[in-house]
Every structure is written in C-alpha cells, then in structure tokens.
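Since every read-out is calculated from the coordinates, none of them should be taken as a lab result. Model, not experiment: these values are computed from the prediction. Backbone-built Cβ (ideal geometry, glycine too); neighbour counts: all protein chains shown.
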Amino acid sequence: MDRLKEILDAEVLKRDSFDEISLDKPDPMLVAREYKDEYISLICALFAYGNARLIVKFLSSLDFSLIDGSEEEIKKSLSDYYYRFQSSEDVINIFITLRRAKLEFSLEDIFLSGYQRENNILDGLNTLISKLLELNKFTSHGYQFLLGSPPTKKSKSAYKRWNMYLRWMVRSDKIDLGLWERVDQKDLLIPLDTHTFKVSRKLGLLERKSYDLKAVIELSQKLRSFDPLDPIKYDFALYRIGQEKQKI
C-alpha cells in the first residue's frame, strides 16, 4: 500500500491544476468556478450525471441570475429547459427551491446545524436535504432524483453528487472552491461514481462489491489511512485514472 500511496500522491499533485478542468476536459466544476457561489454550485452538482460535455453544455445554457428573481420570472424563463430525467417543471422547481433557500438562510449554516452535532457529514446532509424538501412541496420523479432523500443508516444511495458538492465547498486548491470554512475536510466522504468505484476495487482500496453508501464509507476510511487530514484529495485523481483508463 505504501507504493500505491506514492503513486496516488503523485497523481494528486499532477492533477492540482486550474487547467485540469477545461473545455477539452469538461467537468461541471467548469461552470461552478465561474460563479463561486454555494447556490449555483449546488445546481451544477445536482445536474452532474451523464456525459460530462452534455452536463457542461446544459449548465452553461442556464441563467443563474434567476435565483435572485421572482418565481414568475423563473417559470417564464425556464419553461423550455429540460435535462435527461428532468422536465422543465423539475428545472423550474429546483431554481424556485434554491431561490426560497437564499431568501432564508445560508446552505452552509443549515448543513452545519446537523453536521456539528457529531462532525458527521451524513447528519449535515440529512438536515440540509430535509430543509430543502420542506421549502417546496413540488414532487416528481425528476425532482426527487435531483435532491434525493435525506440519508439515514439504512440508505443505499452513494450520494455521489452531494458528496462532490461538499468537496467543492470545503476543500480549497486549484480544483475545489473552498467556499465553506467551518466544515473539516477530514470528515468528507468520497463522491463515489462508477469510475472511482471500479478503479478503487482494481487497486485494492475497496473490497465491497456493491456500489452504495457502505462502499463510500469503506473507501473514505481507507483514504484516511493515506491522509487523515485530507482523505478526499484523492477523489479527483482516482476519477481521472478511471476515466482515462490508466494502467497502474
């Protein structure tokens, strides 16, 4: 494992570059870093599924200033927008939800009210997702897919997009934004996607065969043995290794 840690540490250093994310290497962070805003970043993270180029194309087409407009403006401006599982109603309502949130509270403050009880990321997510669901009673398959359900001990979802959002918000380097200052990066959980899952299994970092929350926790704990203070710094490196099909 010492040799593997050396390889991954070198990969982290190589990837820690502003140019690692570009139109040639698309990632939803490409749009999020233009605004450096916790609400806009959340929209970018929640729609971050599917082909990376199509994600960036969709996000780049959105008028994020609508979050500061009226609900009527949101409905009118986004009536023709849709993305994969999300209809125009779903897109409209995620903007409405975050508009209402911005009028009432900081996303970081709500997350902290759950997280700080035991410095537990899942408690913070449970509190934040629950609060967002309370703000807007709109329901549909596409909308529920975006926000997800508040995590519990019995949850199976890997919460990839939410954990990616938290990585963006909490870590600060040439990739991540570091907009939140009161969440400890040592507590973060890996944003597990299929690339990271497969490469982690192949490298012997992950024994669990199911792609779920237990796999997220197992891999996060393993990465803490490499760096107890910043375990999720390895996420982007592992993702690129899988995406680029590197041989290690």
>> What distance in nm separates the two pseudo spin-label positions at K137 and R84, each 7 Å out from Cα along the beta-carbon direction?
In response: 3.0 nm
>> Under 8 Å for C-alpha pairs, at least 6 residues apart: give me the relative contact order for the stretch 2-243, rounded to a whole percent.
In response: 18 percent
>> Between K25 and S157, what is the label-point separation in nm under the 7 Å Cα-to-beta-carbon projection?
In response: 3.0 nm
> Which of rounded, prolate, oblate describes the stretch 40-109, given a ≥ b ≥ c as roots of the alpha-carbon gyration tensor eigenvalues and a/c under 1.5 marking rounded, otherwise prolate only if a/b is larger than b/c?
Replying inline: oblate
> Of Y49, Y143, how do they rank once you tally other Cβ atoms within 10 Å and put the fewest first?
Replying inline: Y49, Y143
> In what order do F58, F18 fall by count of nearby beta-carbon atoms within 10 Å, going from fewest to most?
Replying inline: F18, F58
> Relative to the first principal axis of the alpha-carbon coordinates of the chain, what is the inclination of helix 88-104, with its axis defined by its Cα atoms, in degrees from 0 to 90 and to the nearest 10?
Replying inline: 90 degrees
> With each run of n ≥ 4 DSSP H residues scored as -39500 (n - 2.57), what mean residue ellipticity at 222 nm is computed for the chain after dividing by its residue count and rounding to the nearest 500 deg cm²/dmol?
Replying inline: -16500 deg cm²/dmol
> Hey, fewest Cβ within 10 Å first, where do I96, I241 land in order?
Replying inline: I96, I241
>> Which of rounded, prolate or oblate describes the stretch 165-211 when judged by the alpha-carbon gyration tensor and an a/c cut-off of 1.5?
In response: prolate
> Tell me, in nm to one decimal, what length is gained between L13 and S60 on full extension, where the rule is 0.36 nm per residue of separation less the Cα-Cα distance?
Replying inline: 14.1 nm
> If r is the Cβ-Cβ distance from E118 to E73 and R0 is 35 Å, what FRET efficiency results, to the nearest 0.05?
Replying inline: 0.30
> Simple spin-label model, 7 Å along Cα-to-Cβ: K102 to L4 in nm?
Replying inline: 4.3 nm
> Rounded if a/c is under 1.5, else prolate if a/b beats b/c, else oblate: with a ≥ b ≥ c from the C-alpha gyration tensor eigenvalues square-rooted, which is the chain?
Replying inline: prolate
